[in-house]
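Remarks on the structure that follows.
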Number of protein chains: 2
Amino acid sequence: MKSARKSTATKTAKGEQTKALILNTALEMLHERGYENTTMRAIAEKAGVSLGNAYHYFGSKDHLIQAFYHRVNEDHLRASQPALQKESSLKARLLSVMRLKIDTLEPYHEFAGVLFQTAADPHSPLNPFAHAAAPVRRDSIKLFEDLVAGSKARIPDDLRSELPHLLWLYHMGMILFWIHDPSRKRARTYRLIDQTVDLLDKLISLASNPLMRPVRKKALKMLLDLRDLEAGEAED
Amino acid sequence: MKSARKSTATKTAKGEQTKALILNTALEMLHERGYENTTMRAIAEKAGVSLGNAYHYFGSKDHLIQAFYHRVNEDHLRASQPALQKESSLKARLLSVMRLKIDTLEPYHEFAGVLFQTAADPHSPLNPFAHAAAPVRRDSIKLFEDLVAGSKARIPDDLRSELPHLLWLYHMGMILFWIHDPSRKRARTYRLIDQTVDLLDKLISLASNPLMRPVRKKALKMLLDLRDLEAGEAED
DNA sequence: CAGAAATTTTGAACGAGTTCAAAAAAGTAC
DNA sequence: GTACTTTTTTGAACTCGTTCAAAATTTCTG
């Protein structure tokens, strides 16, 4: 994890094709052999390109991991549509989305740990505190925006606008738990999700109470402070 | 981060001496040159031993990082004693300890990021969800046990026994923020600590209210569930 | 279509973490 | 003090992520 070179944009149909080939090969191997055994050399070889060529399109192995996360995210987004169409209560929507997230992630359980390791890197776009503009991150938050926007719950505007980020953070926490969950069929994770979704729903109702307005304002202010540290170098 | 070999216990006075020499050299270089520039080769060379010898005593570079964390922790523990002697309210004790933590960590700010990366590794003893028996982790929680034990606050037993872990988790969160804090003299971190300590103190009072007993019990139960996932493989 | 410019592709090299078999040194028992 | 066992130490080798200059190919321009 030395460099930070960006993945090069392709300028050509041929390039596009090669890039896709490399990515698909990588994801396949990641799935079949896990992280450690998926070396850049192995990817290049299986894809039938040179090692240097792989690096031309993906500046580092991390970029491949991000691409993986992006892919899984798309799958999850797609899988969530039916539930989001059907359910209208915030609680039911959240519960479905969270369960489906674990379902989607499950095939990759054994190597998901490194995903969190890269997320902990201060420069990773998955890092909760890092610059929010990173596309991977925006994509994965988008789902929670839809989730909130489409629900009929009466939620004050200040909370409503912040809620997607909060839920995204919560969902990262659940993934962290899932990574370490040794229980059969990941039963403890599913149980925890049931419990926490219930709790969250109650908390949101509580926080939406007009009486809570001052407290809520204060808490949300602090959360905004927590987020997006990238902005200014020079604040005192 | 491939291997998981343990640091070998030394069997000899000579060995003990060499191990200490390597560790001290490593910590010094870590401090002076940061993580990236402190290679195992450089450590070995400066310590006047062979590369293989360094690996004999520290199974991986991660072990050195853990040793670093351990050392910083001892410094912090020592620095906290006067305040813990003087202050008796939970809030004042926590505030001092947290501020001193940042003070202690500050010299290492530029490379502290990797500390969190290793902490995110499912196998790291710093990982909040991993096996709690790891000595590094126990040591760093110990401080918060003292902090709570020595305070005169009236706190129900169930919460009191869980509080050290909660505070430790909170303190990890503050470190995470600090790592990303670009503000001058880390002013935002200190401000956040002031605010959150205030908030925590209020929350603890609130949770200690007899009326909250049922809710508290439930929440603590869930937290216990969250912690120590290492136990059983087979729960359904 | 020829030549120039841009893009893709290659292959070799480097640096760093890690492993390991064997040499050197230290400790132990008689 | 010698022969053994154990521990320490070495140095070479291996793997893997990464870089880079240059070759091959494709695209663009007139």
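Here are a few things to note about the model shown:
- Residue satisfying condition, being modelled with pLDDT of 85 or more and within 14 Å of another protein chain (Cβ to nearest Cβ), within set B:160, B:154, B:186: B:186
- Taken over segment A:44-69, the residue count meeting the criterion of being surrounded by fewer than 17 Cβ atoms within 10 Å (Cβ to Cβ) and away from DNA strand D (no atom under 13 Å from the Cβ) is 1.
- Verdict on residue B:32 being touching a helix residue (DSSP H, G or I) at 6+ places or on another chain (Cβ under 9 Å) and charged (D, E, K, R): no
- Matching option when the condition is away from DNA strand C (no atom under 16 Å from the Cβ), assigned to a helix (DSSP H, G or I) and not aliphatic (A, V, I, L, M), among B:96, B:88: B:96
- The lone exception for residue A:214 - which of (1) within 14 Å of another protein chain (Cβ to nearest Cβ); (2) surrounded by 16 or more Cβ atoms within 10 Å (Cβ to Cβ) it fails: (2)
- Condition met for residue A:105 (of a type in the set (A, V, I, L, M), modelled with pLDDT of 90 or more and under 20 Å from residue A:35 (Cα atoms)): yes
- Among residues of segment A:171-183 being surrounded by 17 or more Cβ atoms within 10 Å (Cβ to Cβ) and assigned to a helix (DSSP H, G or I), the one that is farthest from the other protein chains (Cβ to nearest Cβ) is A:171.
- Residues being away from DNA strand C (no atom under 13 Å from the Cβ) and either of a type in the set (Asp, Glu) or assigned to a helix (DSSP H, G or I) (or both) - total across segment A:11-63: 12
The values are calculated or read from the model by the stated rules, or taken from the named source; none is laboratory data. Keep in mind the model is a prediction, meaning the values are calculated, not measured. Note: ideal-geometry Cβ built from the backbone for every residue, glycine included; neighbour counts use all protein chains shown.
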